[in-house]
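As structure tokens, the structure follows; a few thoughts come after it.
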Amino acid sequence: MHFTPRKGLNVPTITVVDDAGRVIESDQRRVFRHVIQHGFGADVIFANGTTGEWNRLANSERQRLMAIAVDEVRQINAQFITENGTTSIPHSAFRAPHSVEVWVGVNGLARREVLDNLDAAIQLGADAAVIAPLAMTDLDENEIVRFFHREMTERIETARQPLPVFLYDNADINAPGRTAHIRTRIVKELSRLPWICGIKVSASRQVLGNYTKAALHFKQPGEFGIYIGNAMLIFDWFRPRRGFTGRLQTGWNEWLMNHTLPIGVVSGPGNVLPREWQKAWRVCWAGDEELMNQYRDLCAGFEARTFFGRAGTSQYTGRMIACLKYALELDGVISGSLVAKGTPALSDEDRLQFRNGYAAWRDEWKRVNTGQWRTCRPTEKP
């Protein structure tokens, strides 16, 4: 099995739910189209992830969400082909010659759920599956490798078409008592499997570097993708270093990462600002310091005005998800902004503060950017 991990912007989409925790299909489909932005937004749609409140949903709703995601992205890609006579998205030289990919989280709180969701992903024909080994409450850390070997391999090897799998390292959703990150030796052993193609992780350079070194024991360069889960980190990671001290730091970073750069960024705010985050990724990869500063300030300003969690809180102990949903409601993408039971919500006072801060931020950004890298609302022309 040979699979080249997709480079670029990976958006973990929010999940639109009603007061009973059921996915609202029509709104959910609009979210996917909004995030793709006619080819100027996400390179990868990641459905059923942490930003999508997967561990707040019933497993039947997770599978329903997966089916909606695969179907909607398939329709969007078919539309690109019809409109342009090619599998490439227009004005998309940054992409490989095929359209947006849809990755689905097959996460579950128990092994049985994960296996059922993996079967569903295979049957649906998702482009890739994403799994958080440390989230399963009934899987001991010492059993992870055996679980992948004995219970996942047969399903993937007998599938009608290969299903790449990415590891998901997110301390917010780990089962109680687990380490913050997947142990390096486990990543090393799992990387031997031909269908393990990378990892999405929020961590320091050292942790990411350890994962890269571990995977390169059994993967060729480019076969194992590292995706930065702390999106704002890209503005520091890819910044060119100047002077003697800067060259030393660059050398140290390259040594930590075994001369292998992360190939993508995972941005929750990309739900609201898909075009801006696509451009931010591009200017960071290119090392354009002037635009890196502009987009760093833009993205930091958005977070400062819209996220109500205290410094150091996660998206579950803070109110990031509620803010993203309310922004999409204000922009006319979705009809309501309910969060799933257990996810921190916004009070009336929070909503007022958010609405005013978000409006002010948008006015500032409009004065700076009028081009194709400003996200279009449903009522605006692309």
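The values are calculated or read from the model by the stated rules, or taken from the named source; none is laboratory data. These figures come from a predicted structure and were not determined experimentally. Here the Cβ positions follow ideal geometry from the backbone for every residue, glycine too, while neighbour counts run over all protein chains shown. Calculation scope for accessible area: heavy atoms of the full protein, side chains included, ligands and nucleic acids excluded. Shrake-Rupley method; radii C 1.70, N 1.55, O 1.52, S 1.80 Å.
Scanning segment 190-215 for residues that are part of a helix (DSSP H, G or I) and either modelled with pLDDT under 90 or small (Gly, Ala, Ser) (or both) yields Arg205, Gln206, Val207, Leu208, Gly209, Asn210, Tyr211, Thr212, Lys213, Ala214, Ala215.
Quick grid of which residues meet (1) farther than 22 Å from Arg22 by Cβ; (2) at pLDDT 95 or above; (3) touching a Gly at 6+ places or on another chain (Cβ under 9 Å):
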position	(1), (2), (3)
Ser314	yes, no, no
Thr317	yes, no, yes
Ile334	no, yes, no
Ala340	no, yes, yes
Pro344	no, no, yes
Asp350	yes, no, no
Gly357	yes, no, no
Ala360	yes, no, no
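Filtering Gly8, Gly41, Gly49 for residues that are within 15 Å of Asn107 (Cα to Cα), open to solvent by less than 10 Å² (accessible area, probe 1.4 Å), under 13 Å from the mean Cα position of the chain (by Cα) and in contact (Cβ under 8 Å) with a residue 12 or more places away in the chain leaves a single hit, Gly49. Residues that are under 30 Å from Thr82 (Cα atoms) and in contact with a Gly (Cβ under 6 Å, 6 or more places away or on another chain) within segment 24-68 comprise Val35, Asp43, Asn48, listed in sequence order. Within segment 150-158, can one find any residue that is surrounded by 16 or more Cβ atoms within 10 Å (Cβ to Cβ) and either among the basic types (Lys, Arg) or in a loop (DSSP other than H, G, I, E, B) (or both)? For segment 150-158, residues surrounded by 16 or more Cβ atoms within 10 Å (Cβ to Cβ) and either among the basic types (Lys, Arg) or in a loop (DSSP other than H, G, I, E, B) (or both): absent. Taking each residue of segment 345-362 that is over 13 Å from Ala322 (Cα atoms) and looking for partners that are at pLDDT 95 or above with beta-carbon atoms closer than 8 Å, six or more apart or interchain, yields Tyr358/Ala327; Tyr358/Leu330. Go through the residues of segment 256-265 one by one and say whether even a single one is open to solvent by 60 Å² or more (accessible area, probe 1.4 Å) and at pLDDT below 70. Checking segment 256-265: at least one residue is open to solvent by 60 Å² or more (accessible area, probe 1.4 Å) and at pLDDT below 70. Among the residues of segment 11-35 satisfying the criterion of being more than 27 Å from Ala171 (Cα to Cα) and touching a helix residue (DSSP H, G or I) at 6+ places or on another chain (Cβ under 6 Å), which is surrounded by the fewest Cβ atoms within 10 Å (Cβ to Cβ)? Across segment 11-35, the extreme among qualifying residues is Glu25. Give segment 3-27 a look and list any residue that's closer than 20 Å to Phe40 by Cα and among the β-branched types (Val, Ile, Thr), or say none. Result: Val11, Thr13, Ile14. Among the residues making up segment 119-133, those that are farther than 23 Å from Asn77 by Cα and either in contact with a Leu (Cβ under 9 Å, 6 or more places away or on another chain) or open to solvent by less than 10 Å² (accessible area, probe 1.4 Å) (or both) are Ile131, Ala132, Pro133. If the condition is being crowded, with 21+ Cβ neighbours inside 10 Å, out of contact with any Leu (no Cβ under 7 Å at 6 or more places or on another chain) and farther than 12 Å from Phe40 by Cβ, then segment 270-291 contributes Ala280, Cys284. Selection of segment 1-36 for residues being in a strand (DSSP E or B) and either over 22 Å from Val201 (Cβ atoms) or not small (Gly, Ala, Ser) (or both) yields Leu9, Asn10, Val11, Pro12, Val17, Val23. It is to be established whether one or more residues within segment 134-146 are touching a residue at least 24 places away in the same chain (Cβ under 8 Å), more than 29 Å from Gly177 (Cβ to Cβ) and surrounded by fewer than 16 Cβ atoms within 10 Å (Cβ to Cβ). Scanning segment 134-146 turns up no residue that is touching a residue at least 24 places away in the same chain (Cβ under 8 Å), more than 29 Å from Gly177 (Cβ to Cβ) and surrounded by fewer than 16 Cβ atoms within 10 Å (Cβ to Cβ). If you filter segment 159-177 down to residues that are under 23 Å from the mean Cα position of the chain (by Cα) and surrounded by fewer than 18 Cβ atoms within 10 Å (Cβ to Cβ), you find that the one that is farthest from Met136 (Cα to Cα) is Pro162. For Glu113, the stated conditions hold: it is part of a helix (DSSP H, G or I), under 18 Å from Gly49 (Cβ atoms) and open to solvent by 20 Å² or more (accessible area, probe 1.4 Å).
Residues in segment 33-52 that are out of contact with any strand residue (DSSP E or B) (no Cβ under 6 Å at 6 or more places or on another chain) and under 18 Å from Cys376 (Cα atoms): Arg33, His34, Ile36, Gln37, His38, Gly39, Phe40, Gly41. Candidates are the residues of segment 178-189 that are in contact with a strand residue (DSSP E or B) (Cβ under 8 Å, 6 or more places away or on another chain) and part of a loop (DSSP other than H, G, I, E, B); the one that is most open to solvent (accessible area, probe 1.4 Å) is His181.
If only residues of segment 325-382 that are closer than 29 Å to Leu65 by Cα and β-branched (Val, Ile, Thr) are counted, the one that is most open to solvent (accessible area, probe 1.4 Å) is Thr379.
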